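Working notes, beginning with the structure itself.
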Amino acid sequence: WIVCTFLGLTSQGAYAAPTLQLGYVNASPGDIIEVPVTLANDGAAALQFDIHYDSTQLTSNEASAGSAGGSHTLASSIISPGTRRIVIAPPADNGLIGSGQLIVLSFTVQANATHASRLIVVDNVILSSSSGGRVSLGSVNMGLIADPANTTDDQDGDGVPDSWEITY
């Protein structure tokens, strides 16, 4: 299973600080998975962040735009092994990014992947307003990609690894 984490900044400015939430997904070796990323937004017109993952266990596929992006442009590329950069750029009118499903991250769990947990860290988060000022990320809800075949760390049988429940 893979625990996905977003690291953010503190709130500032006249807007309520945007929040990111990563979805919960079950996956086994060989699966192609889609992890929705949602945004509750009140002030950000542009967004950039990096995703770090274990490239020996996961292959990061192209990210796709969700409905909250509206007419914003999504750019995504591998900038180094195990790191994908996501950029959401505003249209000409610098309109705000909507709230809701912002993007879908796609990963292939490699066929030889182990059943150990792997952290996906999102950092270098930059949000800006329509005037170009910095907008700070308020909070992030953790997401989890879990292997349903690994039951050794789920003593209560709820499908969420106990180590993840304790940590988060």
*Determine whether Leu137 is crowded, with 16+ Cβ neighbours inside 10 Å, more than 20 Å from Ile51 (Cβ to Cβ) and not hydroxyl-bearing (Ser, Thr, Tyr).*
no
_Number of positions in region 43-72 that are in contact (Cβ under 8 Å) with a residue 40 or more places away in the chain and closer than 30 Å to Ser131 by Cβ_ = 11
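Listed here are the residues, each with its yes/no results for (1) assigned to a loop (DSSP other than H, G, I, E, B); (2) touching an Asp or Glu at 6+ places or on another chain (Cβ under 7 Å); (3) modelled with pLDDT of 65 or more; (4) aliphatic (A, V, I, L, M).
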{"residue": "Thr108", "(1), (2), (3), (4)": "no, no, yes, no"}
{"residue": "Ala111", "(1), (2), (3), (4)": "yes, no, yes, yes"}
{"residue": "His115", "(1), (2), (3), (4)": "yes, yes, yes, no"}
{"residue": "Val121", "(1), (2), (3), (4)": "no, no, yes, yes"}
{"residue": "Ile126", "(1), (2), (3), (4)": "no, no, yes, yes"}
{"residue": "Asp153", "(1), (2), (3), (4)": "yes, yes, no, no"}
{"residue": "Gly159", "(1), (2), (3), (4)": "yes, no, no, no"}
{"residue": "Ile166", "(1), (2), (3), (4)": "no, no, no, yes"}
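The values are calculated or read from the model by the stated rules, or taken from the named source; none is laboratory data. Here the structure is a predicted model, which is why all the values come from computation and not from measurement. Cβ atoms come from the backbone with ideal geometry, glycine included; neighbour counts cover every protein chain shown.
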